[in-house]
Amino acid sequence: MKQYKRPEISTGSLNKPVDFFKVTSSDGPEAHTGGSEELLYHCMADVYESSMKDITRNDVSSAKKMVTMKIRDTVGGYLPQNTHRFRINHYKYPRDYQVIDVAPDTSEDGFMKVIGESFD
């Protein structure tokens with residue numbers, strides 16, 4: 001019997017540009033409007049649908065609001081935080097997302113898993 005071998009992430013898998021940013025002071029009545037954006041980090045990511053484990057672990061009511069992606073580990077150069085937001089520069093992802101979880105990718109050395117939730 002053939003042994004299963006999971007697909008590895010390659011440079012070709014990191015095919016969507018992502019900008020991580022933070023929003024500085026918002027004077028508007030709504031929490032997610034106004035203010036100015038400060039770009040923190042730009043990278044390429046492997047974006048995919050969130051797994052049931054990610055959804056239940058983060059207690060999110062709708063999977064449609066979530067996205068999971070893998071980015072290269074920056075080895076301390078940049079570490080996404082829950083106060084940061086990100087934008088996937090691709091037509092399939094027209095929203096901004098709040099970082100809700102960051103973890104080292106245990107299945108693939110040299111990568112981080114970032115989970116985000118949209119504001120909609």
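Computed from the coordinates by the stated procedures, all read-outs in this text should not be read as laboratory data. What you are looking at is a predicted structure, and each value in this text was computed from that prediction instead of being measured. Heads up, the Cβs are rebuilt from the backbone with ideal geometry, glycines too, and the neighbour counts pull from every protein chain shown.
Suppose R0 equals 30 Å. What FRET efficiency, 1/(1 + (r/R0)^6) with r the Cβ-Cβ distance, do Glu38 and Asp109 give to the nearest 0.05? Don't skip to the answer; put the middle values down first.
Details: r = 31 Å, r/R0 = 1.02.
It comes to 0.45.
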Work out from phi, with θ = phi - 60° and the Karplus expression 6.51 cos²θ - 1.76 cosθ + 1.60, the ³J(HN,Hα) of each residue of region 39-44, listed in order in whole Hz, and give x for Gly and Pro.
5, 9, 6, 10, 7, 9
